[in-house]
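The values are calculated or read from the model by the stated rules, or taken from the named source; none is laboratory data. Model, not experiment: these values are computed from the prediction. Note that we place each Cβ from the backbone using ideal geometry, even for glycine, and neighbour counts take in every protein chain shown. Remember, those area values only see protein heavy atoms, side chains included, never the ligands or the DNA or RNA. Shrake-Rupley method; radii C 1.70, N 1.55, O 1.52, S 1.80 Å.
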2 protein chains.
Amino acid sequence: MPEGGWLDSQQQRAWLAYIRVQLRLTYEMNRQLQSDSDLSLPDYDVLTALSVADRGLMPIKVLAAQIGWERSRVSHHVRRMAQRDLVSCSLSTSDRRVTEVRLTRHGRRVLEDAAVGHVELVRRLFFDGLPRELEGPLSQALESVYTNIIAQGTLPPPVDWRPHGVSDRP
Amino acid sequence: MPEGGWLDSQQQRAWLAYIRVQLRLTYEMNRQLQSDSDLSLPDYDVLTALSVADRGLMPIKVLAAQIGWERSRVSHHVRRMAQRDLVSCSLSTSDRRVTEVRLTRHGRRVLEDAAVGHVELVRRLFFDGLPRELEGPLSQALESVYTNIIAQGTLPPPVDWRPHGVSDRP
DNA sequence: TGGAATTGCGTGACATTTCACCTAAGCTTT
DNA sequence: AAAGCTTAGGTGAAATGTCACGCAATTCCA
């Protein structure tokens, strides 16, 4: 191990702030989605990942890696979502071990409806409290961390993916 | 509503980075704790919150708010943790509706053991990838966001609390 | 003081998630 | 092409989490 030991006080401050934000934000997002649409936050994560995938379709394994879930959780969850007609599953023709999960027409509509309120909440809770001049540094910081996690972590790197409401065209 | 609509591209960048970091990090922390100690991340969150509480003890309601859980989740979880002798519950003498959850001797030891590996992981995944000069801005940014969430969100503000490995004395 | 409203929690039914294991398809070697 | 490996997924039971409701202690107020 590189150096062992504690975090210094500057790092403690950053970590404390991070944890606090993440706990509250998750709670609030869950709550908002649940009450304003028929989606849970996990539902939303799945739909979002699929919505930007090439042809709106992704193998289970890839989907799991994208959103940091156990494979079997995706398996169960996707089955339930299929019953609600949010996604559909089919066997890949090229490799018949893989199941492709695909966003249905209905799923896309539901996601797009839900995204409005969700993005609104994100703006209100996250960005309304963030001074413009810190947006850049924050992005940089988190991107650096992300890159490092990809390099150090155990999860395979993602294919291109972004949460809903985040597009390429500005 | 203030202005409705989408996030601008600077904000999209920040949000994308945040989501990516949070999904991966949660996954990795869960995994590390599970394999290196007998604790789940939820267990760890509970122990951590208690460990810094005044007299190592907290009403269920307060604990729930601290860590952003539903009250009843805390209720169930704490009961299970009590069976493992990590915490203990008792009725408050001043208000006999409230249940005080308290960290046991054993619970504290388990937490302290687990914290070593956990902090090590946090350093490796989070701080090794974060340039020193961005630590300050990151802290500031997240603290601003946090303050705003407290103000705007639905959860009551926390009493003083910090995750394990984060202390006052530098 | 005596309801009525509020507050803090526990509970049980139900939903979700995890874990260990299973199957089957592709791949490699012989 | 069969044996053995590896990889993608599904599955069922157990652990965990959510939701709606109920109970009891406290508070409010007429």
Task: Ranked order, B:SER139, B:SER90, A:SER37 - accessible area, probe 1.4 Å, largest first - done: B:SER90, A:SER37, B:SER139
TODO: Evaluate E = 1/(1 + (r/R0)^6) for B:THR93 and A:ARG73, where r is the Cβ-Cβ distance and R0 equals 41 Å; express this FRET efficiency to the nearest 0.05.
DONE: 0.40
Open item on the list: Of the candidates A:GLU120, A:GLU100, A:GLU143, which one comes out as most mobile in a Gaussian network treatment of chain A with C-alpha springs shorter than 10 Å?
Closed with: A:GLU143
TODO: Find which of B:VAL52, B:GLY153, B:THR99 sits farthest along the positive direction of the dipole of chain B, computed with +1 on the beta-carbon of Lys and Arg, -1 on that of Asp and Glu, about the Cα centre.
DONE: B:THR99
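How crowded by other chains is A:59-70, given as the mean number of beta carbons from other chains within 10 Å of each beta carbon?
Mean partner-chain Cβ count within 10 Å for A:59-70: 2.
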Open item on the list: Rounded to the nearest 10 Å², what accessible area does A:THR93 have for a 1.4 Å probe in the complete protein model?
Closed with: 140
Open item on the list: Using a Gaussian network model on chain B with a 10 Å cutoff between Cα atoms, which of B:GLN11, B:GLN32, B:GLN140 fluctuates the most?
Closed with: B:GLN11
Open item on the list: Using a Gaussian network model on chain B with a 10 Å cutoff between Cα atoms, which of B:VAL21, B:VAL119, B:VAL110 fluctuates the most?
Closed with: B:VAL21
- [ ] Whenever you get a sec, compute what percent of the accessible area on chain A sits on carbon and sulfur atoms (1.4 Å probe).
- [x] 48
Task: Built amide H within the under 5 Å cut-off of A:VAL87, gap 5+ - done: A:ALA82, A:THR104
Task: Inter-probe distance in nm under a simple model that places probes 7 Å from Cα toward Cβ, at A:SER9 and A:ASP36 - done: 4.0
Task: chain B, dipole about Cα centre (Lys/Arg Cβ +1, Asp/Glu Cβ -1), debye to the nearest 20 - done: 580
Open item on the list: Taking the Cα centroid of the stretch A:54-85 and of the stretch A:93-109, what is the distance between the two, rounded to the nearest whole Å?
Closed with: 9
